[in-house]
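The values are calculated or read from the model by the stated rules, or taken from the named source; none is laboratory data. Note that the structure is a prediction, hence the values are computed from the model and not measured. Here the Cβ positions follow ideal geometry from the backbone for every residue, glycine too, while neighbour counts run over all protein chains shown. Note: areas computed on protein heavy atoms with side chains; ligands, DNA, RNA excluded. Shrake-Rupley method; radii C 1.70, N 1.55, O 1.52, S 1.80 Å.
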Amino acid sequence: MSLSPAPRGHRLSPAPPSPSSNAGRAGTTPSLLAPGVEHDPYPLYRSLRESFPLVRDELLGAWLLSRYSDVRAALGDARLGPPVTGRPGPGHRGLLEPVLRAAAERTAYVLARRVSGRREVDLVAEFSAWLPAAAAVAALGLPWEDAARVREWCRTGSARADGVHPDLGALLRPHVARRRARPGADLLSALCGARTDGQALSDDTVTALAGTLLTGGGEATALALASFLANLLDHPAQLDLVRARPGLIPGAWAESLRRDPPTPVVLRRASAPIALGGTTLPTGSVVACLIGSAGRDPFRFADPDRYDIFRADPAHLAFGAGAHFCPAATLAGLAAECGLRALLDAMPGLRLAPGFRPAPRGIIARAPRLLLVRPC
Ligand code: HEM
């Protein structure tokens, strides 16, 4: 893999930067963990793209890749795999989608109605943080009370990378046994009854799939939903258009994922030596693919800081690229679409609370943590 050439107009540092050089802006060491980056990473991203397309972040212990074309190529490079592997994908999509859509619609409707009569609401605490976990709980046919525990596991990231937190297994096993004995109309029953190559799925597989569905991408979806709502509420003219023409929702969602991806950093580990930009990264090197920077690369996107639901080609990398592309991208989009529709239906005059502006924060997981709105 070779680094993309400096696109025309990229201002390169006077001497071409050595990939191992750590000289960043004004003599500082570029690092994602530097003060202030959590609140505003964009000056750092710009400086990396322009002058240090591959640089070692000593504090993070990883090589930073920041240009769109390099990030995309790295995500598709088979020698750069995720540091943790073995997460089961939410397979059987044909089976999952209709049930999840119905559950997401119902859950979003209930959550939206619950807050619609209030004077002022924090949509993060009352809506976006709940919807993914509660919709998955509803789709699987688990009791509503479990949504709080599942939400907490998503929020604290205590679900393990393989999708089966030990407490989650303990929560699911009795339900699996009950569905085996007496199937219902829910997704857990459907998984228990599903067959691959004529064989029923084992209890472990059902538990792993259900576990992935419950916590696998719940936090990412919750953060992405918060940013999506924030972007639209912060651009009332575009929100009005989406309200009038719901067919614009998928484009508005994709544009939000480009501009404000919930997981702006995807880590990869080299399984073999990789020659990059004049240096060879040894096996085991960790590369941080800066999706958040790639989405703001002016050599890929015109006026990249602008939120524009009519952008012809959002081509975001928020779900990764290549072999490890997120298998639940469509499912995450369901939460966004059902969530927004339910909110606009319950609160036709929804708008930001007077004087409030959303302020995203976070490096590895990024979104506004507060979204104050007036329901009408
Ligand atoms: C907006 C929400 C989401 C975002 C932004 C997102 C983002 C991503 C990204 C960037 C990757 C690739 C990681 C890599 O290349 O190393 C990924 C992989 C994955 N995601 Fe998601 N995800 C979301 C929702 C979900 C949901 C809801 C689930 C589960 C129901 C899920 C399950 C997975 C799994 C199992 C993988 C691993 C795929 C593999 O390694 O082959 N994600 N996701």
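Quick look at the numbers
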| read-out | value |
| --- | --- |
| Selected residue [at pLDDT 95 or above and on the phi < 0 side of the Ramachandran plot] from PRO282, PRO262 | PRO262 |
| Check on ARG243, open to solvent by 50 Å² or more (accessible area, probe 1.4 Å), of a type outside the set (A, V, I, L, M, F, W, C), touching a residue at least 24 places away in the same chain (Cβ under 8 Å) and not in a helix (DSSP H, G or I) | no |
| Subset of segment 320-348 that is within 7 Å of the ligand (Cβ to nearest atom) and in a loop (DSSP other than H, G, I, E, B) - its residue that is modelled with the highest pLDDT | GLY320 |
| Residue identified as touching a residue at least 60 places away in the same chain (Cβ under 8 Å) and outside any helix (DSSP H, G or I) among ARG119, ARG151 | ARG119 |
| Residue list for segment 262-308, restricted to those being open to solvent by 10 Å² or more (accessible area, probe 1.4 Å), among the hydrophobic types (A, V, I, L, M, F, W, C) and in a loop (DSSP other than H, G, I, E, B) | ALA272, PHE299, ALA302 |
| Odd one out for LEU344 among (1) open to solvent by 20 Å² or more (accessible area, probe 1.4 Å); (2) within 24 Å of ALA78 (Cα to Cα); (3) touching a helix residue (DSSP H, G or I) at 6+ places or on another chain (Cβ under 6 Å); (4) aliphatic (A, V, I, L, M) | (2) |
